[in-house]
Amino acid sequence: MRAWARLRGFTVVELAVAIGILGVLMAIAVPAYQDYRARARNYQARSDIAIIAAGVDRYQQDSHAYPLTLAEAGLGTPLDPWGRPYQYLSMSDRGARGHARKDHSLVPINTDFDLYSMGPDGRSAPPLTAQMSRDDIVRANNGAYIGPASEY
């Protein structure tokens, strides 16, 4: 009976080692999972932008003009992976050039329409070089590039 009573529980040292191992595993796993989620959201935003842009192009082919809003193109108000609406700006809209996304030379990155997600921080500015725009997912060169503003 005494031998069985001695083997019944864990010692404090065994519990401390087990908790230490779990802590190390969590310190490795949590950042890896967060990085995976960030990459998945960026990929989803790129995919969404490509699909939305195709819908805008179909509308343009049918009506010979770009829509003023995504809703006008029958696309509703799609949300990005961070829960905010995608930003759309038709260059045919009067005064659009002043609000258009711009490269490092302050030249608009599109001539047809701008379509982008404001990224994880939900903030943006027309120049892609602005710090708040670096995490945006943008469509540039009239659709030839879709990706992070920091890589354009």
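The values are calculated or read from the model by the stated rules, or taken from the named source; none is laboratory data. Quick caveat, the model's predicted, so the values are computed rather than measured. So basically every Cβ, Gly included, is an ideal-geometry build from the backbone, and we count neighbours across all protein chains shown.
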Tally, over segment 80-117, of residues that are more than 30 Å from His64 (Cβ to Cβ) and modelled with pLDDT of 95 or more: 4
Selection status of Leu128, loosely packed, with under 14 Cβ neighbours inside 10 Å and not acidic (Asp, Glu): no
Residues of segment 102-123 that turn out to be in contact with a Lys or Arg (Cβ under 9 Å, 6 or more places away or on another chain) and closer than 23 Å to Asp57 by Cβ, as a count: 9
Residues of segment 51-69 classified as surrounded by 13 or more Cβ atoms within 10 Å (Cβ to Cβ), touching a helix residue (DSSP H, G or I) at 6+ places or on another chain (Cβ under 9 Å) and either farther than 12 Å from Tyr86 by Cα or among the acidic types (Asp, Glu) (or both), total: 3
Residue check, Ile19 free of Cβ contacts under 8 Å to residues at least 60 places away in the same chain and out of contact with any helix residue (DSSP H, G or I) (no Cβ under 8 Å at 6 or more places or on another chain): yes
Members of segment 25-49 that are free of Cβ contacts under 8 Å to residues at least 60 places away in the same chain, aliphatic (A, V, I, L, M) and closer than 30 Å to Leu89 by Cβ: Ala40
Number of the condition not met by Ser90 [criteria: (1) farther than 24 Å from Gln60 by Cα; (2) touching a Phe, Trp or Tyr at 6+ places or on another chain (Cβ under 6 Å)]: (1)
